[in-house]
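What follows draws every value from the coordinates through simple rules; no lab data is involved. All values reported here derive from a predicted model rather than from experimental measurement. Here Cβ is always computed from backbone atoms with ideal geometry, including for glycine, and neighbour counts include all displayed protein chains.
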Amino acid sequence: MTKNALEITNILEIKNIKRHYPVSSGILSLSKATVKAVNDISLEVRNGETLGLVGESGCGKSTLARLLTGLESPDAGSIFFKDKEFKNWDSAKIGTMMQMVFQDPYSSLNPRQKVGNIISEGMRIHKFGSRKEISARVEELLVQVGLRPEHAKRYPHEFSGGQRQRIAIARAIAMNPDLIVCDEPVSALDVSVQAQVLNLLKKIQKEFKLSYVFISHDLSVVSHISDRVAVMYLGKLMEIAPTETLYHNPLHPYTQVLLEAVPIADPTIKTVEASISGDMPSPISPPSGCPFHPRCLKAMDICKETPPVRKEVEPDHYVFCHLY
Ligand code: SF4
């Protein structure tokens, strides 16, 4: 989706948010340490776009998803939804603004509830209409996600993983939200089913004029659905750019490594020779300066001391790296 600068408005904006967890370590758990899961991140989600969020497991992307949807509060920083600060809002208000689709369609649906009840729960709590109206809406939603109206009377265990994820999507759109945060929504599914669910998400986005934050460790999945992609490492952003720009011209050494490791089925995307050394450091004591410096083969002295700031290297392409 290409938008000119005048059309761009942000549905969600986060400024310098941090989420640190205290942990006990050492003999008798006496020493206190802190996991810096999200460490000073600022970004925006534009109206109608899909923002992909990628990074290795443990980089903080799922914590960021919980912060964005109000499931957790940040320790510092601010979140704005449609220009209003998102603070102490009740769950009813949040539910009509944003919803989440989780990774595991087996544990995210209550096995003791019928599908109709699962999908209609929010509508019933917030009195979206009479019983008859809500039940008609549930049937309509089931058809919109490629299931049948009579499926409302069945239990989740009667469905496959892909069908369960369709039910989770129906539940997410039932409250007419503006934004859906999808946390690894296809990674538990077979490859053939992944494509169907991705296509359904795209169709629903158009019909409901939704914005998505799409979190995944799989860069090829992210490239199929995202308008822009943000790359995270150890609780920080490394690079953010329109999808095509990022995949054709990755600038951050970490993005180059990620792209090199994942074969993308697009012959126009050139592979950048990149290497990495060592394992990801613990988020309990992240490296000083650039958090990627212990593994980066291009690291310079400045990288060990000074955290790189966000630089716009070309229009709408931002990198956090001292090379630029
Ligand atoms: Fe590598 Fe330095 Fe850039 Fe970090 S800032 S990615 S260490 S070159």
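So what is the 222 nm mean residue ellipticity for the chain from helices alone, if each DSSP H run of at least 4 adds -39500 (n - 2.57) and you divide by all residues, rounding to the nearest 500 deg cm²/dmol?
Computed mean residue ellipticity for the chain: -9000 deg cm²/dmol.
Filter the chymotrypsin sites (Phe, Trp or Tyr not before Pro) in the stretch 89-144 to those in DSSP coil with at most 16 other Cβ atoms within 10 Å of their Cβ, and list the result.
Here the sparse-neighbourhood loop sites are W89, Y106, F128.
Based only on other Cβ atoms within 10 Å, what is the fewest-to-most ordering of D90, D178, D104?
D90, D104, D178
Helix 115-125 versus the longest principal axis of the chain: what is the Cα-based angle in degrees, 0 to 90, to the nearest 10?
80
Going by alpha carbons, how many degrees (0 to 90, nearest 10) lie between the helix axis of 161-173 and the longest principal axis of the chain?
Approximately 80 degrees, to the nearest ten.
Where the only charges are on Cβ atoms (+1 Lys, Arg; -1 Asp, Glu), what is the dipole of the stretch 29-142 about its Cα centre, to the nearest 20 debye?
460
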